[in-house]
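Below is one structure, written out as structure tokens; the observations come after it.
Just so you know, all these numbers are worked out from the coordinates, no wet-lab data involved. Fair warning: this is a prediction, and the values are worked out from it, not measured in the lab. For neighbour counting, all protein chains shown are included, and Cβ atoms are generated from backbone atoms with ideal geometry for every residue, glycine included.
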Amino acid sequence: MLDQLEKFLKNKYTIFSLVGVVILIIALNVFSYFKTEKNEAEFLRFVEINDAFASDIESAKLSNELNLDFENFGYELISKSVLAKKALEEENFELALSFYGELYSSLKDSGIDSGTKQVLQEQFLENILRLTMQLELYESGIEYIEESNLNSVRFFELAGDFYKYYENYEIANKWYGKAIDSDITDAQKNLIRLKLSN
């Protein structure tokens, strides 16, 4: 039995296999270490960026000075959302629209849970459409509506609001009709009916 074990251990394939396993274990540990270090560095940068947002520095200056691109999509999503909100508060609507548009587009390719993704897309699209109304960017708003694959009452009503704002009452009523035909309460339907134009 010991002879067979000795033979097995002296076999060059066994030695190569054992060396390979050891190298693999070392490589995985090194990779894990660097990944942990990288995640920690990215988190610290995220904290610094959020501290900068709390300052009195204007959003436009912050957007030029800070690198808001992260490997962790969650950090990027939060940072850009906060900066977009800061831009809105400062009435820098162009910058806010730029960030919301970027976030809306990047959500499509993200690995976020589909339910969460839809809620975020609805929120960002609402901000986008309200900003296109504020900035009188009719064509841009239409593009967002037409490219959207959202299928929710909130989106239908928002699209109706957009077209009503631009006095395109026929199309607005179609969108409101989609919202009314959805599975919602009678009270919600009545509120949407109040928006219909004759």
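With a cap of 15 neighbouring Cβ atoms within 10 Å, and only residues DSSP puts in a loop, list the GluC sites (Glu not before Pro) found in the stretch 92-198.
Those satisfying the criteria are GLU136, GLU167.
Can you put LEU107, LEU83 in order, fewest other beta carbons within 10 Å first?
Placing the least packed residue first, the sequence is LEU107, LEU83.
Out of TYR144, LEU125, THR185, whose Cα points farthest toward the positive end of the dipole of the stretch 113-198 (charges: +1 Lys, Arg; -1 Asp, Glu; placed on Cβ)?
It is THR185.
When a footprinting reagent is the concern and you count Cβ atoms within 10 Å, what order do ARG193, ARG45, ARG130 take, fewest first?
ARG193, ARG45, ARG130
Please give every one of the aspartates and glutamates within straight-line cross-link reach of LYS117, meaning a C-alpha to C-alpha distance under 15 Å, and leave out same-chain neighbours fewer than 8 residues apart.
GLU76, GLU102, ASP109, GLU126
In whole angstrom, note down how far apart the Cα centers of the stretch 53-108 and the stretch 110-176 are.
What the calculation gives is 20 Å, centre to centre.
Determine the shape class of the stretch 61-154: with a ≥ b ≥ c the square roots of the Cα gyration tensor eigenvalues, call it rounded for a/c under 1.5, and otherwise prolate if a/b is greater than b/c, oblate otherwise.
It comes out oblate by the Cα gyration axes.
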